[in-house]
Amino acid sequence: MVKKKRAIGMEFAGTMILAIAVVGSGHMAANLSQDGGIRLLINALATAVGLAVVIKIGMKSSGAHFNPVVTLVMVVLKKISNEAAALYIAAQVLGAVLGVGIANLIYDQEFLKQSSILRDGSNLFVSEIFATAVLIWIILAFGKKVELIAIYVPIWIFGAILFTSSTSFANPAITIGRVFTNSFTGIAVDSVLLFVLAQIIGALLGLILAKSLRSAGKKSDE
């Protein structure tokens with residue numbers, strides 16, 4: 001029971017820290033530059049660093065999911081129970097919302113301010129599918145190699161923020177949290193369903209890809 005509570009607490013705290021990194025860097029970037037490219041670079045770098053840190057410190061406690069689609073994939077793989085997964089996801093969403101609120105307060109903004117930034121379009125839908133699919137593929141490809149996951153997942157997210165049209169949200173909890181900020185990292189509530197649906201589809205495709213390549217690898221070794 002203690003171990004379970006520790007794991008849920010880690011999922012809450014880790015997702016909160018990640019949300020602070022994402023949204024806090026958005027506020028900082030807006031203060032530092034009017035150049036959209038510079039702002040995006042600052043946001044990508046801070047997000048990647050935050051992600052690397054929470055993965056490293058959270059892996060032994062909870063598996064360092066910090067993302068509902070990662071948790072759902074682990075349910076499919078039977079690496080976590082349905083009950084634990086539900087608690088993980090609840091902790092992730094609550095942690096993300098609180099983290100966004102803290103980031104807003106740090107920059108003297110309203111604790112929770114609903115975003116008006118609409119992010120719609122088939123291009124963004126495809127972008128989120130792609131970003132999330134590769135994220136899941138990377139996680140499953142490295143398995144229990146924590147050191148590599150803590151390196152390559154942040155590298156992927158850093159790059160994907162810069163080269164995908166959706167700026168690679170790739171996380172339903174963080175997506176929901178970002179509804180509550182007026183920074184350029186925000187997303188209007190009307191756009192959330194599109195993103196979350198794309199992320200779920202992407203996660204399933206990433207799972208299929210990882211399994212297929214693993215099976216192909218085993219066959220080639222025979």
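The values are calculated or read from the model by the stated rules, or taken from the named source; none is laboratory data. Note that the structure is predicted; figures quoted are calculated from it, not measured. For neighbour counting, all protein chains shown are included, and Cβ atoms are generated from backbone atoms with ideal geometry for every residue, glycine included. Ligands, DNA and RNA are stripped out before the accessible areas are found, and what is left, the full protein with its side chains, is counted by its heavy atoms. Shrake-Rupley method; radii C 1.70, N 1.55, O 1.52, S 1.80 Å.
From the set of residues in region 187-201 that are in a helix (DSSP H, G or I) and among the β-branched types (Val, Ile, Thr), which is farthest from Ala96 (Cα to Cα)? Restricting to residues being in a helix (DSSP H, G or I) and among the β-branched types (Val, Ile, Thr), the top hit is Ile201.
Annotation: Phe184 fulfils all but one of (1) touching a Gly at 6+ places or on another chain (Cβ under 7 Å); (2) part of a helix (DSSP H, G or I); the unmet one is (2). Residues of region 61-79 that are open to solvent by 30 Å² or more (accessible area, probe 1.4 Å) and either acidic (Asp, Glu) or over 13 Å from Gly14 (Cα atoms) (or both): Leu72, Val75, Val76, Leu77, Lys78, Lys79.
The combined condition, being under 18 Å from Phe142 (Cα atoms), of a type in the set (S, T, N, Q) and at pLDDT 95 or above, is fulfilled by Thr71.
Can you tell me which residues in region 38-96 are touching a helix residue (DSSP H, G or I) at 6+ places or on another chain (Cβ under 6 Å), outside any helix (DSSP H, G or I), over 13 Å from Ile157 (Cβ atoms) and not small (Gly, Ala, Ser)? Scanning region 38-96 gives His65, Ile80.
Here Ala170 passes the criteria (1) open to solvent by less than 10 Å² (accessible area, probe 1.4 Å); (2) not in a loop (DSSP other than H, G, I, E, B) except the one numbered (2).
Cβ-Cβ contacts under 9 Å between residues 6 or more apart (or on different chains), taken from a first residue in region 61-77 that is closer than 17 Å to Val93 by Cβ and free of Cβ contacts under 8 Å to residues at least 24 places away in the same chain to a second residue that is open to solvent by 30 Å² or more (accessible area, probe 1.4 Å) and polar (S, T, N, Q), are listed as Val75/Ser81; Val75/Asn82.
When each of Gln114, Gln109 is tested for being more than 25 Å from Leu213 (Cα to Cα) and either open to solvent by less than 90 Å² (accessible area, probe 1.4 Å) or of a type in the set (Ser, Thr, Tyr) (or both), the lone residue that passes is Gln109. Checking each residue in region 80-106 for being without any contact (Cβ under 8 Å) to a residue 40 or more places away in the chain, in contact with a Ser or Thr (Cβ under 7 Å, 6 or more places away or on another chain) and either surrounded by fewer than 15 Cβ atoms within 10 Å (Cβ to Cβ) or within 18 Å of Gly50 (Cβ to Cβ) (or both) picks out no residue at all.
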